[in-house]
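Beneath this line is the structure, given in structure tokens, with notes to follow.
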């Protein structure tokens, strides 16, 4: 399995991050910044060259950058320190339309080994938050508890 993460080059061009930052501030959570990463967990017999080629499909090289790592840990792709990292993905059994369309797109690119792709979001949150505030952020803004699960870590 490979984990592919797509981030924005700057906070100014990260619309989801800006919106989540405003949402969290509205909840009274003291955030300085929120960065987003679109994450794709690619399962199958795929070479690193194919994963690198997948970045062409998954990112806009003008405003985004793409990183990848072997394994299933999106936290490993985050280089920020002194931040909370939150990963949100669909619960098992919930249809993942983004993951499925990404898998089909990889096949069009010639990456035939992609058997399954799961999509997720990783948020990098900086500020003077405690764990209770991070949990509140997840439950009120970052995840839909009916269809999504989340996990977080402090780095």
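Numerical summary
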read-out	value
Pairwise label distance in nanometres, residue 153 with residue 11, each label 7 Å out on the Cα-Cβ vector	2.4 nm
Folded to 0 to 90 degrees: helix 15-26 orientation relative to the chain principal axis, Cα	20 degrees
Whole-Å distance, taken between Cα centres, linking region 40-54 and region 103-144	17 Å
Kirkwood Rh (inverse of mean 1/r, distinct Cα pairs), region 2-154, angstrom	15.9 Å
Relative contact order (percent, whole number), region 1-105, Cα cutoff 8 Å, 6+ residue spacing	36 percent
Helix axis angle, 97-108 relative to the chain longest principal axis, alpha carbon, degrees	30 degrees
Spherically averaged projected area in nm², based on the convex hull that wraps the Cα atoms of region 1-59	5.0 nm²
Over region 24-107, equivalent-ellipsoid semi-axes from the Cα gyration tensor in Å	26, 17, 13
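Laboratory data are not the source of any read-out in this text; all were calculated from the coordinates shown. Since this is a predicted model, take the numbers as computed values, not measurements. Reconstructed Cβ throughout: ideal geometry from the backbone, glycine too, with neighbour counts over all protein chains shown.
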